[in-house]
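The values are calculated or read from the model by the stated rules, or taken from the named source; none is laboratory data. Since we're looking at a predicted model, the values are computed, not measured. Please note: Cβ atoms are built from the backbone with ideal geometry, for glycine as well, and neighbour counts cover all protein chains shown.
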Amino acid sequence: MGQVMPLEGNNAVAEAMRQINPDVVAAYPITPSTEIVQTFAKFVSDGKVHTNFVAVESEHSAMSACTAAAAAGGRVMNATSANGLALMWEILYITASLRQPVVLTVVNRALSGNINIHCDHSDGMGARDSGWIQIYGENAQEGYDNCIQAIAIAEREDVRLPVMNCIDGFLVSHAYEMVEVEEDQAIQDWVGPYKPVRPLLDIENPYTMGPLDLWDYYFEHKRSQISAYPGALDAIAEESKRFGDAFGREYGLMECVELEDADVAVVALGSTAGMCKDVVADLRSKGVKAGLLKLRVFRPFPATQIAQALKNCKAVAVFDRAASFGAASGPLYSEVVAGLYSHGVQIPCVDVIYGLGGREIRPEQIAAIFSDLEGVKSSGQPKDPVSYVGVRE
């Protein structure tokens, strides 16, 4: 049996990393993810793990070292936020293209400029096309659980892709919650020993990795990489079930809250989903058929499952905690609407851009969005497909 203890989200992730005991962590700390690697570095110095902790001079170097260590045959983890993730940009694509199963906790934070250290999803959304699996957690417990599952997902031979374990900066990373931490041996048994695939340190079987790849083969290699992602969705669901069977907490690709008979629903990522649950419960007590789709997996994007979950709704609002400059809408909205349309589900949808730079969203604001959806349900057409909630216009 594990134990329940008060932990910040960052410390919960560090605990998961300690239990996994990776071979290499190469990191350069950045707010608000600093505590993860700071805490883990203490585990290293105290002899609680056997990890080779590499202190580098930048986030670009950190991901470079992580990718190289994974290619050499090691189990590798790291953590970063915002500008640090942006500085890794070049190597993120390389890690995924080389199919190296690195696990990176991203504590979501607004990207500069101007300089801001608080939560939004602009960092994760900016990296959405880099080839990494992206899993979003609502709270510290999910940050802990997702970190453990990320290792199992990434290292499966039918996946072999890097994974981002995303939690909201400060709202989750620095908030204390009661977290159920499993026994060390139980986690180690569940994760299992790492089995590298064609490690570069296998000098008896040398091969070339990352060569020059021009017009004659690059397209084929990208097409081959693309084929890995549909199967990764199945792997995420399977590992979630396996984790649930072992520890009693199963998440799947998404969480459907009161969607069976919902007329109006919202789609949300991260910590905001927790507040949406409370609002949905309150509205249900007043007779409003409200529902929530809490999306856990953003990459690979589960379009088929989303269309199935929302198909009976009359109006939907998609919550975007990131802007897509120059685009018609936020990134999550465009994905959801495209997924619905491609599966023949025609529902009037609105995009709600909120919370940029850490601006709070309140329950009454979410309730007002549901109220607006009642009007959309009646008219069948929103007055404005994109709204900005909580901004001083």
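When restricted to residues that are in contact with a helix residue (DSSP H, G or I) (Cβ under 7 Å, 6 or more places away or on another chain) and among the polar types (S, T, N, Q), the range 335-384 contains 1.
Among the criteria (1) surrounded by 20 or more Cβ atoms within 10 Å (Cβ to Cβ); (2) under 19 Å from residue 274 (Cβ atoms); (3) of a type outside the set (S, T, N, Q); (4) touching a Gly at 6+ places or on another chain (Cβ under 9 Å), the one residue 351 does not fulfil is (2).
Considering the conditions (1) surrounded by fewer than 17 Cβ atoms within 10 Å (Cβ to Cβ); (2) of a type outside the set (Ser, Thr, Tyr); (3) farther than 22 Å from residue 126 by Cα; (4) in contact (Cβ under 8 Å) with a residue 60 or more places away in the chain, residue 368 is excluded by exactly one of them, (4). Only one entry of 299, 242 meets the criterion of being at pLDDT 95 or above and either in the same structural domain as residue 349 (by TED's automatic domain parsing) or of a type in the set (A, V, I, L, M) (or both), and that entry is 299. In this structure, does residue 257 turn out to be touching a Leu at 6+ places or on another chain (Cβ under 6 Å) and aliphatic (A, V, I, L, M)? Answer is yes for this residue.
Given the criteria among the hydrophobic types (A, V, I, L, M, F, W, C), more than 22 Å from the chain's Cα centre (by Cα), not assigned by TED's automatic domain parsing to the domain that holds residue 161 and not in a helix (DSSP H, G or I), does residue 350 qualify? Against the criterion (among the hydrophobic types (A, V, I, L, M, F, W, C), more than 22 Å from the chain's Cα centre (by Cα), not assigned by TED's automatic domain parsing to the domain that holds residue 161 and not in a helix (DSSP H, G or I)), residue 350 qualifies. Here residue 283 qualifies as more than 18 Å from residue 126 (Cβ to Cβ), more than 24 Å from the chain's Cα centre (by Cα) and outside the structural domain of residue 129 (by TED's automatic domain parsing).
Wholly within the range 57-136, which helices (runs of 4 or more DSSP H) include no fewer than the required count, namely at least 1 residues that are of a type in the set (Val, Ile, Thr) and modelled with pLDDT of 95 or more?
59-72, 89-97
Residue-by-condition table, conditions (1) crowded, with 18+ Cβ neighbours inside 10 Å; (2) within 23 Å of residue 132 (Cα to Cα):
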| residue | (1), (2) |
| --- | --- |
| 5 | no, no |
| 9 | yes, yes |
| 27 | yes, yes |
| 34 | yes, yes |
| 43 | yes, no |
| 48 | no, no |
| 58 | no, yes |
| 65 | yes, yes |
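In the set 242, 249, 198, only one residue is farther than 30 Å from residue 278 by Cα, surrounded by 10 or more Cβ atoms within 10 Å (Cβ to Cβ) and not hydroxyl-bearing (Ser, Thr, Tyr); that residue is 198. Suppose the filter is in contact with a Phe, Trp or Tyr (Cβ under 6 Å, 6 or more places away or on another chain) and over 30 Å from residue 231 (Cβ atoms); does residue 318 pass it? The answer is no for residue 318.
Which one of 167, 148 is out of contact with any strand residue (DSSP E or B) (no Cβ under 8 Å at 6 or more places or on another chain) and either closer than 25 Å to residue 70 by Cβ or among the hydrophobic types (A, V, I, L, M, F, W, C) (or both)? Just one listed residue meets the conditions, 148. Out of curiosity, is residue 339 out of contact with any Gly (no Cβ under 9 Å at 6 or more places or on another chain), within 25 Å of residue 150 (Cα to Cα), small (Gly, Ala, Ser) and at pLDDT 95 or above? The answer is yes for residue 339.
Residues being more than 21 Å from the chain's Cα centre (by Cα), more than 24 Å from residue 130 (Cα to Cα) and of a type in the set (A, V, I, L, M, F, W, C) are entirely absent from the range 212-219.
Filtered by the rule that a residue be over 13 Å from the mean Cα position of the chain (by Cα) and surrounded by 24 or more Cβ atoms within 10 Å (Cβ to Cβ), the range 155-168 gives a lone residue, 161.
Could you tell me how many of the residues in the range 180-209 are part of a helix (DSSP H, G or I) and either outside the structural domain of residue 15 (by TED's automatic domain parsing) or in contact (Cβ under 8 Å) with a residue 60 or more places away in the chain (or both)? Residues meeting the conditions: 5.
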